[in-house]
Amino acid sequence: MAIDNKVLGIIENLTRGTTGLTNRRVVLLEFARINGWRPSDTEDYPLVSDLANAHLVVEHGLDNSIVISFLKSGTPYSHLERSDKLRLLALSYNNLVDWHFFPDSEGVQWAFNRTNPPSEGRLSVYDDPESWTAKAFEKIVGRRPSPNVKALDDALITTISEWRRKLAQELQSERKTESLSLLFSAILFARALEDAGRLQGQQTPTDLLTDLLALPGSGTFSSCIEAALSKFELHEYPVTVLGEQRLLKTFDMLNRQTLYSLFSDFYRNQSYSPYRYDFSVMSKHALSRIYENYVSLLREKEPSPQMRFFPDLPDEVRNKALGGIYTPQYIARFFAKFLKENYTPPRFRSLRVADPACGSGIFPRTLLELQCDPIQDIDVKQTASSAFGNVLCIDVDPNACQATRLSLALLHLVLTGQVPKNLDVVEKETIRYYTAHKNSLAGKFDAVMANPPYVKWERLDSELRTRFKTFLGALGGGRTDAYQAHLEVGLQMVKPGGYVLYVLPHAFLMSNNSATLRKRISDHYWVRVIADLSEIPVFDVGSYVILLVLQRRVADAKETPRATVVKCKEFVGHALQDVIENRLVEDEFYSVYQVPQDAFRHAEWTILPPKEFSISSKVSKKSPLHKFLETAEGFITGADDVFIRIRSDVPNDEARIYKPYLPDREMARYAVPKGLKKVVFYPYVDGKKLAVDQLESEFPRTWHYLMSKKRELSRRGSVSTSNPWWCPVRPRSPKTMLRHKIVSPHLVAKPRFALDLTGDILVSRSPLMYAKSVDNEDADLRYFLAVMNSRVFFWQMMNLSHKYARGYLMLEKKTLDPLLVPDPSDVPTSRMAELLQLVDERLGGALGVEDDIDKIVSELYGLTVPEMKALNFW
């Protein structure tokens, strides 16, 4: 392949610096277009203007992934001094980007900034004419070095966390009503002012805050912060961002040496990193991720009514009651870019937008970044002044609201050089606030974006339960979760034609308590996008999600849009980018396809790719499992460590009140394991439940053992007259438990149905299934064992079962009963005999027959060979 002379000309143009600022931006975007890069920003970075003429920040799967810098001619990167290299790499590092490219006329030099010293390499255009392209980057990323430098967000969070711990005890007696949040907010704000001023050409000391400490009369925290604000002509104290000015003096008890160390840690990364922090860069792109990470993941142990940005207790824990979880940048960017693609540029910049569960403000901030993007030919200051005024943020958590204010204020500062006079950030419980201001909020917004709190009914206090149930009214079904009420707020706030963009639990697609809400959506809104990310670890708290984009229907609309569906296993950023660019994709990593709005008329939203439509049609003609098998739940003891014992610890003459125990992790496909080492106390003899006097007289050593555990067992909430302290909570009747049955783990990644033909084995909490008809019990169980371990049955499980932590499926009676199976009475006698023979061989240990079993079952469902291949997912 020949060298692209047009690209070569652009590179020579940019490295020589022969174009003005406006033309330079045009040339940069042309370089990106030709070489397959997705630009997200063009940087003018005066602090390295002696080294480089232009910089381009580009995306890779909706994340900023690389900075491309065009060095001045005659100074190739490899010939630079180490200090100059680090100045350049600080631009990518402070953008939360690991990679930096330096194109020249002979290829590209690359650097990975997360190692110390930075890892470097070169691609020659003579060896690879595509060296300047995004494809070349794909090759390099595959050889990513192992980092030994913390990422910017991790480094800053660690610094803040460590200082919070150090200062908590020292300030304990002085901070009865104040929080350490103010201290960190003030430092971050002052540092952002300093770096933004330096970027705009102001002459300031290298480390302003530490230098101010040395001045007469400036040896306290408050005096240093006030002097820094004054230096940058901030004559009006920013109460909106930092709270009352008098509160700064809370920290004046800190001595000069402590302050010097504290301030220094916000100039230089202390984690084996060679880079200085530059808040003028990170305030534009990276700081929202830092706030989102810290505020959403690290919360105080006991919620209190004090306003604070960062928690003020030494211990950091995740507070599930608040429901907040970290939102990845690619989701926020997807929502913002979706809106950009669905409005004209002027209309996009003037959208009125709300986030009723704003967290650290990552959704509105990301949208504002895109609205005020300097890549567009706009007046950034004028656009920012109107766009920031069109945003409403609501959150019950004062930490989150303070983080949102600071994050948006710093973005406004770096875009305009000014601090916003007012930000519409409301510290209220969303449902209460919306109800009180419904007349001014309902139907008033062009877009509502949120990652609402995922707080289940059990963890809601009684007041919130009542409020949510009242607000939802007939839309609420059963035990209302917090996210459902927040979703209804978004549905009400958006105007006709406007968009609702939410991150929701995967359970929303199928749960009974969301059925009425789904019906309301299908009647009055268009589903524009459903992205099933349940196989992606979006969050690290075991919550598996979908992205839902809705559009409120417009009366007399001439066209009904089709919905775009994403099912993703890997490369989620690329999949979402394909949605934005209207590309339909089908590969091993993800599928992007479209379905009509009628697909959402069903009670449950099971959205299948086109290749599975015919499979669904054939499976739908079969019979539900509950017609043939009864599904029950295993025992519950309430104290497994007491009632489940090692077999050898049980007296032989008392073994008849113990049964073999099969834990979930030991369950396998088809056959139950032999020689189980554990047993469970099962208080039944000859089908009748033991009385306490019989237990004491006939099984004295077991009684003595239970007596030794009486205090522990008596503390269980289940203890009552009908359920004495010595008895398991729910041992289940022998008529259910002690019979031939199929068992399965409660959580599965693949089918692991096994047959218990002795009837003695007990399982805990897991599902068990036994034949409704005893006439041909064993043959029926062997038949359904084959069916339930098949690919077709697992395909149904994946589409209808709730997702759980690490992508597992949760199997319960309500999910198993409706699954469809071929009626055994419709199977020809010879085919049934062949299938049961194979099952017997598998039960005997012949692993090689599973494919033959699966083939027969697929044929019983009526599937063709291509359809069977479409289900080849293990």
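One table, with the values for the structure above:
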{"read-out": "Relative contact order of the chain, pairs being alpha-carbon contacts under 8 Å that are 6 or more residues apart, as %", "value": "8 percent"}
{"read-out": "Pair residue 272, residue 26: separation of 7 Å Cα→Cβ label points (nm)", "value": "4.9 nm"}
{"read-out": "Straight-distance crosslink candidates among aspartates and glutamates, where the alpha carbon sits under 17 Å from residue 231 and sequence neighbours closer than 8 are dropped", "value": "194, 195, 207, 211"}
{"read-out": "Lys/Arg +1, Asp/Glu -1 at C-beta; the range 547-675 dipole; positive extreme among 648, 594, 620", "value": "620"}
{"read-out": "Signed unit charges on C-beta, dipole axis of the chain, positive-most listed residue 451, 242, 99", "value": "451"}
{"read-out": "Over 26 Å between alpha carbons, listed pairs 469/495; 337/456; 85/569; 456/627", "value": "337/456; 85/569; 456/627"}
{"read-out": "Lysine pair number, Cα distance threshold 13 Å (strictly under), the range 642-791, separation 8 or more or different chains", "value": "6"}
{"read-out": "Relative packing of 106-114, 92-100, which averages over residues the other C-beta atoms within 10 Å, highest first", "value": "92-100, 106-114"}
{"read-out": "Among 52, 214, 387 - extreme Cα towards positive end, dipole of the chain, charges at beta-carbon", "value": "387"}
{"read-out": "Total charge dipole magnitude, the range 589-652, about the Cα centre, Cβ charges on Lys, Arg, Asp, Glu only, Debye to nearest 20", "value": "480 debye"}
{"read-out": "Heavy-atom accessible surface of the chain: percent carbon and sulfur, 1.4 Å", "value": "49 percent"}
{"read-out": "log10 of Debye I(q)/I(0), alpha-carbon scatterers only, for the range 87-197 at 0.09, 0.10 Å⁻¹", "value": "-0.41, -0.48"}
{"read-out": "Radius, Kirkwood style, for the range 365-487 when every pair of distinct Cα atoms is counted (Å)", "value": "16.4 Å"}
{"read-out": "The range 12-144, relative contact order [Cα under 8 Å, separation at least 6], %", "value": "18 percent"}
{"read-out": "R0 of 22 Å, Cβ-Cβ distance residue 813-residue 474: FRET efficiency to nearest 0.05", "value": "0.20"}
{"read-out": "Per residue solvent-accessible surface (Å²) - the range 1-120, probe of 1.4 Å", "value": "38 Å²"}
{"read-out": "Semi-axis lengths, Å, the range 163-254, gyration tensor of Cα atoms, sqrt of 5 times eigenvalues", "value": "24, 14, 12"}
{"read-out": "Highest-first arrangement of 223-229, 354-360, where packing means the average Cβ count within 10 Å", "value": "354-360, 223-229"}
{"read-out": "Per residue solvent-accessible surface (Å²) - the range 369-438, probe of 1.4 Å", "value": "38 Å²"}
{"read-out": "Residue-span extension gain [residue 515 to residue 685] - 0.36 nm each, minus C-alpha spacing", "value": "56.7 nm"}
{"read-out": "For the range 325-392 and the range 717-776, distance of Cα centres in Å", "value": "54 Å"}
{"read-out": "Of all DSSP beta bridges in the chain, antiparallel share, percent nearest 5", "value": "75 percent"}
{"read-out": "Per residue accessible area in Å² of the range 652-807, where ligands, DNA and RNA are left out and the probe is 1.4 Å", "value": "46 Å²"}
{"read-out": "Within the range 388-529: Cβ-based charge dipole about Cα centre, in debye rounded to nearest 20 (Lys, Arg +1; Asp, Glu -1)", "value": "320 debye"}
{"read-out": "Sequence ranges 629-636, 524-531, ranked by mean other-Cβ count within 10 angstrom, highest first", "value": "524-531, 629-636"}
{"read-out": "Label of the coordinate-derived value, semi-axes √(5λ) of the Cα gyration tensor in Å, listed as [x] 44, 37, 29; [y] 55, 35, 28; [z] 47, 36, 24", "value": "[y]"}
{"read-out": "Those aspartates and glutamates that a straight Cα-Cα span of less than 20 Å connects to residue 611, excepting residues fewer than 8 apart in one chain", "value": "532, 535, 570, 578, 586, 587, 588, 598, 854, 859, 867"}
{"read-out": "Heavy-atom SASA rank of 237, 272 (probe 1.4 Å, accessible area, largest first)", "value": "272, 237"}
{"read-out": "The chain - charge dipole about Cα centre, Lys and Arg +1 at Cβ, Asp and Glu -1, debye rounded to 20", "value": "1840 debye"}
{"read-out": "Sites residue 850 and residue 621 - FRET efficiency at Förster radius 25 Å, r taken between beta-carbons, to 0.05", "value": "0.45"}
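The values are calculated or read from the model by the stated rules, or taken from the named source; none is laboratory data. Treat the numbers as computed from the prediction; the structure is a model and nothing was measured. Cβ coordinates were reconstructed from backbone atoms using ideal geometry, including for glycine residues, and neighbour counts include every protein chain displayed. Please note that ligands, DNA and RNA were not included when accessible areas were found on the heavy atoms of the full protein model with its side chains. Shrake-Rupley method; radii C 1.70, N 1.55, O 1.52, S 1.80 Å.
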